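The structure appears below as structure tokens.
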Amino acid sequence: MTTTTEEALGTRIEEALRQRFSERSAAAARYGREFVDLWEAAAEHALGGKLIRPLLLMELVEALAPAPLSAQETRCAVDVAAHVELLHFAFLLHDDVIDGDLIRRRGPNLIGALVARRAGEPAEPALHWARSSAILLGDLLLSSAVLGFARAEVSPDAGERLLALLEQTIFETVAGEHADVALSDGIIAPDLRTILSTSAYKTSTYSFVLPLRAAAVLAGSSPAAEDHLTSIGRHLGLAYQLQDDLLSVFGDPEQHGKDAYSDLREGKETAIIAYARMTSQWEGIRRHFGRADLSATEGAEVREGLRGCGAESFVRGLVQEHLDAVSSTLLDAESDGSLPAPATHAIRALTDRVEGRVR
């Protein structure tokens, strides 16, 4: 896919999203100004993103299709892709409530923006209003995503497959988020296996498996192709999440836009920390881990401790294992003919992009 085509598809997806928010804002008018304001604020925060998931879906559906997509097939794929993005935004809203976050991408998230709109009012009621609004809007967007999949102009069989995929995606993502909270609150032990399975359910399922498998359904691919894409999506998603963990601790904040010590201050249970717990250097690291007042000097000390105990190199090795597993799955798919050459080329290009994130 050329850059021009990707930009054009991004524009079409953005237009579909903009239309959806515009329709909802208009429909909200009869329920009061505050409800209209909520939808307008949501549009401001949901639009203008990278559209990673919907663009992945569009790239794969074109690569998987046995013939160029018709205008109607393209419209259908764009609509499904737009609803994948609505699902993503719904999950982000609920995630920000759970984590108590007011900031995202170095600026106020929807909750932070709603709080700011009530400046001068008592802080606690304003925060409760903003968080409640985010929960309710997230619920509405989840239902919109389900309805969008249900209304896709596809064959009855494809429609059932899409809905079954979405149901499993939502179920697994919520299970992953539930386990993530349990890890954060000390309800379950932070062992490596649990942390990796939590990441697979919370991140891989809806960020990679969903768009890849939805593309297969829309392109009329075989169940074998879906199986391969499920495996590929899980491995790519885990590689991506593990890289995020590496960037949050060892990355350059100026280059990646991440606070180098936020995960350490939060006490986030990652594969990095799980490995460090098994080493003799953990006691020195543990003294600072999860401290909200962690200074830059102490953060740098912890980072060097994590590097010195081998945690960084261990997780880098895990990333490579998952990327290698993608390559192995692609070879199997080529060998049994379940994925066409354009699709395997597209996935290899995606794997290269993921691999290059932490170089």
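The values are calculated or read from the model by the stated rules, or taken from the named source; none is laboratory data. All values derive from a computational prediction rather than experimental measurement. As a convention, Cβ positions derive from the backbone with ideal geometry for all residues, glycine included, and neighbour counts pool all protein chains shown. Accessible surface is based on the protein model in full, side chains and every heavy atom, while ligands, DNA and RNA are left aside. Shrake-Rupley method; radii C 1.70, N 1.55, O 1.52, S 1.80 Å.
Give just the number: which of (1) surrounded by fewer than 21 Cβ atoms within 10 Å (Cβ to Cβ); (2) aliphatic (A, V, I, L, M); (3) part of a helix (DSSP H, G or I) does LEU141 not satisfy?
Single failed check for LEU141: (1).
Condition first: at negative phi, among the basic types (Lys, Arg) and within 19 Å of the chain's Cα centre (by Cα). Can you find one or more residues in the range 47-62 that meet it?
Yes: one or more hits.
Mind telling me which of the residues ALA189, ALA134 ends up being farther than 30 Å from ALA276 by Cα and among the hydrophobic types (A, V, I, L, M, F, W, C)?
ALA134
Considering only the range 320-327, I want to know if a residue exists there that is of a type outside the set (Phe, Trp, Tyr) and touching a Cys at 6+ places or on another chain (Cβ under 7 Å).
No, the conditions are met nowhere in the range 320-327.
Return the residues of the range 41-64 that are in a helix (DSSP H, G or I), under 18 Å from SER144 (Cβ atoms), among the aliphatic types (A, V, I, L, M) and in contact (Cβ under 8 Å) with a residue 40 or more places away in the chain; say none if nothing qualifies.
ALA41, ALA42, ALA46, LEU57
Out of the residues in the range 79-97 meeting the condition of being of a type in the set (A, V, I, L, M) and open to solvent by 10 Å² or more (accessible area, probe 1.4 Å), tell me which one is farthest from ALA292 (Cα to Cα).
LEU92
Has the range 28-40 got any residue that is open to solvent by 30 Å² or more (accessible area, probe 1.4 Å), in a helix (DSSP H, G or I), at negative phi and among the aliphatic types (A, V, I, L, M)?
Looking for residues that are open to solvent by 30 Å² or more (accessible area, probe 1.4 Å), in a helix (DSSP H, G or I), at negative phi and among the aliphatic types (A, V, I, L, M), one finds at least one in the range 28-40, hence yes.
If a residue has to be over 29 Å from the mean Cα position of the chain (by Cα) and surrounded by 13 or more Cβ atoms within 10 Å (Cβ to Cβ) to count, how many in the range 289-303 make the cut?
The total comes to 2.
Are any residues in the range 168-192 open to solvent by 70 Å² or more (accessible area, probe 1.4 Å), assigned to a helix (DSSP H, G or I) and at pLDDT 95 or above, and if so, which ones?
Selection gives GLN168, PHE171, VAL174, HIS178.
A quick yes/no check of all residues on (1) more than 20 Å from the chain's Cα centre (by Cα); (2) over 20 Å from LEU51 (Cα atoms):
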residue	(1), (2)
ALA179	no, yes
LEU183	no, yes
SER197	no, yes
ALA215	no, no
ASP252	yes, yes
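Identify the single condition in (1) within 25 Å of SER222 (Cβ to Cβ); (2) within 25 Å of the chain's Cα centre (by Cα) that PRO340 does not satisfy, given that it satisfies every other one.
Every listed condition holds for PRO340 apart from (2).
For the range 149-166: of the residues being assigned to a loop (DSSP other than H, G, I, E, B) and either open to solvent by 70 Å² or more (accessible area, probe 1.4 Å) or touching a Cys at 6+ places or on another chain (Cβ under 8 Å) (or both), which is nearest to LEU210 (Cα to Cα)?
The residue in question is ALA152.
Under the condition of being in contact (Cβ under 8 Å) with a residue 60 or more places away in the chain and open to solvent by less than 30 Å² (accessible area, probe 1.4 Å), which residue from the range 98-115 is nearest to GLU34 (Cα to Cα)?
It comes out as LEU114.
So which residues in the range 42-72 are surrounded by fewer than 19 Cβ atoms within 10 Å (Cβ to Cβ) and farther than 19 Å from VAL209 by Cβ, if there are any at all?
Listed by number, the residues that qualify are ALA43, GLU44, LEU47, GLY48, GLY49, PRO66, ALA67, PRO68, LEU69, SER70, ALA71, GLN72.
Is one or more of the residues making up the range 321-335 free of Cβ contacts under 8 Å to residues at least 40 places away in the same chain and not in a helix (DSSP H, G or I)?
Checking the range 321-335: not a single residue is free of Cβ contacts under 8 Å to residues at least 40 places away in the same chain and not in a helix (DSSP H, G or I).
As an exercise: evaluate GLU312 against (1) open to solvent by 60 Å² or more (accessible area, probe 1.4 Å); (2) in contact with a helix residue (DSSP H, G or I) (Cβ under 7 Å, 6 or more places away or on another chain); (3) within 16 Å of ASP245 (Cα to Cα) and give the number of the one condition it does not meet.
The one condition GLU312 does not meet is (1).
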